[in-house]
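To keep things clear, I will list the structure first and then write my remarks on it.
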Amino acid sequence: MKLAIPVLLAALLLGLLLLQPPQARPPAAPPAGSGSSAEAARRPSLMAARNAQKAQQLQQQQERRAGMDDVMAQNARAMNPKLKKLMLDVLMQERTPRYQRLFDSMQLDSATQADLLKAIRDREERLFEAHRRQRAAGMKGIKEFGVDYQTERVLTEKLFGLMVGEEKAAQILQLEAEMLGTAQKTAAALTD
């Protein structure tokens, strides 16, 4: 199998050379043993062609990544404080009724509910900022955002546990997981 690919490539290359019009054909190679080794060294090898192809692919990937980084940087610049407030307001307006239904079923007092909703909004604000920083950094910021996201999730879990106990905190986190799953499905449907 390893030998089949080079043989196939050689056959294709030979076929292309034979199908070229006479004026486009390179001069015929001298018979083996009659030419100099300098001429053989000047002919591009298959390895050199592969290396050139890999270099071209790498350059194309770098250009695509640079383009993505530019788009992400423009997006980060657009995430101004006014837009941030608007997005957080919409997010909280959408989610607050579900949180309140859960909080009511847990029989939490209104002060605790308000504290929980404030903690949730504060977390979402920090995540928004982390996302903005990630976009400003481009593709290389994705790993850092993942760490920031996980850190915020752990802190939220601990904070909820301190505020309402671990059992109720687990219910809140379950609701958030459901809402996140729904949001991801909606986003995926919009991009399809």
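Here are some notes:
- Those residues of the stretch 152-171 which are surrounded by 13 or more Cβ atoms within 10 Å (Cβ to Cβ) and β-branched (Val, Ile, Thr), in sequence order: 156, 164
- Taken as a whole, the structure places residue 174 among residues that are open to solvent by 50 Å² or more (accessible area, probe 1.4 Å) and more than 18 Å from the chain's Cα centre (by Cα).
- None of 57, 134 is open to solvent by 70 Å² or more (accessible area, probe 1.4 Å), at pLDDT below 95 and not hydroxyl-bearing (Ser, Thr, Tyr) except 57.
- Among the residues of the stretch 142-158, those that are touching a residue at least 24 places away in the same chain (Cβ under 8 Å) and either outside any helix (DSSP H, G or I) or over 21 Å from residue 97 (Cα atoms) (or both) comprise 152, 155.
- Hits in the stretch 78-128 - residues which are charged (D, E, K, R), touching a residue at least 40 places away in the same chain (Cβ under 8 Å) and either more than 12 Å from residue 172 (Cα to Cα) or open to solvent by less than 70 Å² (accessible area, probe 1.4 Å) (or both): 84, 95, 115, 125
- Residue match in the stretch 73-81 (condition: assigned to a helix (DSSP H, G or I), within 17 Å of residue 149 (Cβ to Cβ) and modelled with pLDDT under 90): yes
The values are calculated or read from the model by the stated rules, or taken from the named source; none is laboratory data. From a predicted model like this one, the values you see are computed outputs, not experimental measurements. Ideal geometry is used to build each Cβ from the backbone, glycine not excepted, and the neighbour counts take in all protein chains shown. To get the accessible areas, we keep the full protein, side chains included, count just its heavy atoms, and leave off ligands, DNA and RNA. Shrake-Rupley method; radii C 1.70, N 1.55, O 1.52, S 1.80 Å.
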